[in-house]
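The values are calculated or read from the model by the stated rules, or taken from the named source; none is laboratory data. Only a predicted model underlies this, so the values are computations on that prediction, with no experimental measurement involved. Heads up, the Cβs are rebuilt from the backbone with ideal geometry, glycines too, and the neighbour counts pull from every protein chain shown.
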Amino acid sequence: MIAIQVSLYPIGEKDIKKSLDNFWNVLREENINYKVTPLSTITWSDDEDKLYRAIYKAYKKARKISPVVMVMTLTTGDKERIGELLDYLQ
C-alpha cells in the first residue's frame, strides 16, 4: 500500500478553489481514496501505478486553470501502518 501527501499551490490566483476542485474531481473520477486536510490532500491505494497516474492526471487538469506547484511526500507500508497514519488524520 502507498500513501501520498499532495500539496498543490496555484500561482498568481486570488481564488485557488477552482484549481483545487479540478484536482479533487479527478481523484473522485478515478476512484482514488483521499482526505483533504488544511495543508494538503492525503491519497492512498493498494495500486501504486493507478495512484501515480491519477495524481498526474489531476495535476495536469489543475494547471489548465493556472500555473501550479505540486509537492508530494510518499510513504509505503502494509495496510496496518498506513491505517495508523489515516487514523491519526481523523
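Residue check: THR37 meets all listed conditions (1) closer than 17 Å to THR76 by Cβ; (2) surrounded by fewer than 16 Cβ atoms within 10 Å (Cβ to Cβ); (3) hydroxyl-bearing (Ser, Thr, Tyr) but one, namely (1). Within the range 1-12, the presence of a residue that is aromatic (Phe, Trp, Tyr) and within 27 Å of ASP78 (Cα to Cα) is excluded.
When each of LYS61, LYS79 is tested for being among the charged types (D, E, K, R), surrounded by 11 or more Cβ atoms within 10 Å (Cβ to Cβ) and at pLDDT 90 or above, the lone residue that passes is LYS61. Taken over the range 42-57, the criterion of being at pLDDT below 95 and not acidic (Asp, Glu) is satisfied by ILE42, THR43, TRP44, SER45.
Within the range 1-23, the set of residues being over 22 Å from GLY83 (Cβ atoms) and out of contact with any Leu (no Cβ under 9 Å at 6 or more places or on another chain) comprises TYR9, ILE11, GLY12, GLU13, LYS14, ASP15, LYS17, LYS18, ASP21, ASN22. Only one of the listed residues (ILE65, ILE42) is under 20 Å from LYS79 (Cβ atoms) and either in contact (Cβ under 8 Å) with a residue 40 or more places away in the chain or of a type outside the set (A, V, I, L, M) (or both). That residue is ILE42.
Only one of these is at pLDDT below 90, among the β-branched types (Val, Ile, Thr), over 10 Å from VAL6 (Cβ atoms) and surrounded by 14 or more Cβ atoms within 10 Å (Cβ to Cβ): ILE16, ILE32. Name it.
Going through ILE16, ILE32 in turn, just one is at pLDDT below 90, among the β-branched types (Val, Ile, Thr), over 10 Å from VAL6 (Cβ atoms) and surrounded by 14 or more Cβ atoms within 10 Å (Cβ to Cβ): ILE16.
Picking from residues in the range 1-13 that are among the hydrophobic types (A, V, I, L, M, F, W, C) and over 13 Å from MET70 (Cβ atoms), the one that is surrounded by the most Cβ atoms within 10 Å (Cβ to Cβ) is ALA3.
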